[in-house]
1. How large is the accessible surface of Val287 in square angstrom, using a 1.4 angstrom probe and rounding to the nearest 10?
2. Please arrange Ser136, Ser120 by accessible surface area, largest first, computed with a 1.4 Å probe and ligands excluded.
3. Pull out a ≥ b ≥ c, the square roots of the eigenvalues of the alpha-carbon gyration tensor of the stretch 423-495, then state rounded if a/c is under 1.5, prolate if not and a/b is larger than b/c, and oblate in the remaining case.
4. Leaving ligands, DNA and RNA out of it, work out the accessible area of Lys292 with a 1.4 Å probe and give it in Å² to the nearest 10.
5. Counting every Cα pair in the stretch 296-353, what percent are over 16 Å apart?
6. Skipping prolines and chain starts, which residues have an amide H placed within reach, meaning under 5 Å, of the one on Lys132, given they are 5 or more residues away or on another chain?
7. Counting Lys +1, Arg +1, Asp -1, Glu -1, what net charge surrounds Gly118 among other residues with beta carbon under 12 Å of its beta carbon?
8. Taking a threshold of 21 Å on the Cα-Cα distance, which of the pairs Lys291/Lys481; Lys242/Lys288; Lys281/Lys362 fall above it?
Amino acid sequence: MEAASIAKVFQARGGASLAISLVIMSTNGIPLPAKNNVNKKDVNVEDSFPVVDHLPSCESIKSEPIVNRRELWSYYLYYNGDNSVGPMSYAMTLFQSLAFSAGYDPSKGPGSSCDSGGASAQCVLPWLGGTKSVSSIVLVANGVSFAVMTTMFITIGSAADYGTFGRWLLFVITIICWGAQFATISLTVPSRWPVAMALYMIGFITYGATLVFYAAAFPRLARNTARSRGLRTQYEAGEITKEEHDMEESMEKNRISNISTQPRPGPPVPKGESYLTIGWKQIWLAVKQYKKLPYTFIYLFAFFLLADGLNTTGTLVGICQNDKFSFSFLQNTYLGLAQAITSTASTLGFWYIQRYWKLNTKTMFVVTNVVTVMIPLWGMIGIWTRKFGIIGRAYNVVFGLFQAPYYAFSQTMMAELSPPGFDNMFFGLFGLSNRASSTIGPNVIQAIIDNTGNNWMGFPFLFALCAAASLVIWFGVDVEKGRGDARRWGDETRRRALDKGELVGTI
């Protein structure tokens, strides 16, 4: 399909997403919680984390509004509307298509066509005084995007725990993401491939940021549903045990995560700090607590490597599929539909299985993770044969059936291991491990492709990376102990703040 046609349909998709998201972002009818009585005098970052009791008193519960149906469905709608169809699938196809059309066959020299009769399987473009394959350029774009996300999450991730900064930050980056997608209407000729690259990167970066800052609202919502409040009341009254409370609260988190904002502000920024500096300080202070939160940081480290491998695998699969289907917008739509249908069915199916058999989050994560790790192994088949491999529609079906619930359970795992009240700080680290981790994979894979001229040779490295990281999570992370460590850390920080009379946060 011509680039102009792809861009026009891309705009239609973006317009639908925009309409849905504007409705969601405008739902502000939730009452604001009572403001904390904060003494800002001589407050510093280390002593003023937004802290909470792991099971708050009745008074602190009353200060935070119960999540109502409108707010919860706003969360669900944004979650489903903020998918990767625009900024990742179609944008990458358009970028790669324009770059391929502008490139030339290195065996025939400049001026030749990459898709003419008798052309080799390689296509290169001028790059920094030399040449680089189109596939490598796409991977470089991804690597740079993830590096930018890393800086963004460290700088402003923790700042979203304070005041209403997180809400407005999410709104602004959502608008930028929409703008980048709508701007692709200008991409009508191959010579504009650098513009396509820039728009793809802007859309990809802001899309990744929306995922992180939006997901950070999830633990706070889950703790304030009517069911979660009722469970806490029962626990405090001695009607249920701690184990029963933890299991049912975990189920509530999984329910919201599998089906899936509002003004729920945190405490004010400490005196003498700014939104641009507090993130770096809090990330450093949080990392220094690794001895008190060992399982949380083991999970973050292992997930950093796992996400790097899986994110890069997805990009490499997309490159291979675009080559096979000649950048067909229609074929990409078919693949996306197959993935969307199976993702919806499998997510609800896994949630039913978990709820029926009362399976814990880690068990569900391991089951889905086993299959997702097999995806790069499946891709290795392409090294020897193209008759049976990862590039057909079967990949999108497998991805939908197992990797969609994998993302939901990995997010819930992070919620289980995060100290309550520190949502944006630890989900900022999670975002660093997830969206911003992939600075290693794309750079290694693009070097492999440049040296071998074969896209498929990148899959063995990705399989080894994913397998090693998965084994660490499977056997090295104890969620039950990690949840207890997180609560104790929150309690200790709260007591320190209370002793100094400086700051008491809310959930």
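The values are calculated or read from the model by the stated rules, or taken from the named source; none is laboratory data. None of these values were measured; they are calculated from a predicted model. Positions of Cβ are generated from backbone atoms using ideal geometry, with glycine treated the same way; all protein chains shown enter the neighbour counts. For the accessible areas, the whole protein counts, side chains as well, though only heavy atoms, and no ligand, DNA or RNA atoms are used. Shrake-Rupley method; radii C 1.70, N 1.55, O 1.52, S 1.80 Å.
1. Around 60 Å² of this residue is reachable by solvent.
2. Descending accessible area places them as Ser120, Ser136.
3. The shape class here is oblate.
4. 110 Å²
5. For the stretch 296-353, the fraction of Cα-Cα distances above 16 Å is 64 percent.
6. When sequence neighbours closer than 5 places are left aside, the close amide H contacts are Leu125, Trp127.
7. Numbers: positive: Lys108; negative: Asp105, Asp115.
Here the count lands on -1.
8. Checking Cα-Cα distances, Lys242/Lys288; Lys281/Lys362 exceed 21 Å.
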